[in-house]
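Just below is one structure, and these are the notes that go with it.
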Amino acid sequence: MSLAEHFDAADDLHPIDLVEHIAEHHAWEFDRIHDDQIAMAVVGQWRTYAITLAWSAYDQTLRLICTFEMEPPAARMPALFETLNVINDRLWAGSFTWWDEQKMMVYRYGLVLAGDQVAGPDQVDTMINAAVGACEQYYPAIQLVTWADRTPADAVQVAIGGAYGRA
């Protein structure tokens, strides 16, 4: 059964209300931070990812960030940045960035719903699963570059070909 079958009146749901229902459906831990923001923890194969979704009515965008902590050695930062460029070139949607102050790897994606469009439950669920999937797929490459002194090209080549299953 698709998630859409659980929502008869999805048009009436605020985007973050929809995300909350999806988190409940998957039994993910979550915290409704504000009317327009929710944070949750999603367990992956490599680690637990912190996911935050926020609705901006101003630009009608549902923003997703998926983070995980790491502390790469300073000497490996240029290689990490090069790796992120290689990875981002391969991604169709979303992108990775490094937040140095917080010591976090971040996957970001924005779903623009201009013209009063409404995000459906399957669309939001796919967005969350795609974020976790990208993190799962490229986590080994990031680790190989930062801790095993592999070159970015070599590390990305050995990244998992695709994450399987559901987050």
Going by alpha carbons, how many degrees (0 to 90, nearest 10) lie between the helix axis of 121-147 and the longest principal axis of the chain?
10
Of all accessible surface on the chain at a 1.4 Å probe, what whole percent is carbon and sulfur?
49
Per DSSP, the loop-located GluC sites (Glu not before Pro) within the range 53-145 having at most 16 other beta carbons within 10 Å are Glu101
In debye to the nearest 20, how big a dipole does the range 93-162 give about its Cα centre with +1 on each Lys and Arg Cβ and -1 on each Asp and Glu Cβ?
140
Per-peptide average of other Cβ atoms within 10 Å, ordering 140-147, 106-113, 57-64, 87-94 highest first
140-147, 106-113, 57-64, 87-94
Using Cα atoms only, what is the angle between the long axis of helix 15-26 and the major principal axis of the chain, expressed in degrees (0 to 90) to the nearest 10?
70
Computed [θ] at 222 nm, helices only, for the chain once each DSSP H run of length n ≥ 4 contributes -39500 (n - 2.57):
-11500 deg cm²/dmol
Could you state the accessible area per residue of the range 11-65 in Å², with a 1.4 Å probe and every protein chain left in place?
55
Computed about the Cα centre, the charge dipole of the chain from +1 Lys/Arg and -1 Asp/Glu charges at the Cβ has a magnitude in debye, to the nearest 20, of 820
Please give the net charge around Asp36, taking every other residue with its beta carbon less than 11 angstrom from that of Asp36, where Lys and Arg add +1 and Asp and Glu add -1.
0
Kindly express, to the nearest 10 degrees and within the range 0 to 90, the angle between helix 77-90's C-alpha long axis and the longest C-alpha principal axis of the chain.
50
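The values are calculated or read from the model by the stated rules, or taken from the named source; none is laboratory data. In this text the structure is predicted, and so the values were computed from the model without any measurement. Ideal geometry is used to build each Cβ from the backbone, glycine not excepted, and the neighbour counts take in all protein chains shown. Note: accessible area is taken over every heavy atom of the protein model, side chains too, but ligands, DNA and RNA are not part of it. Shrake-Rupley method; radii C 1.70, N 1.55, O 1.52, S 1.80 Å.
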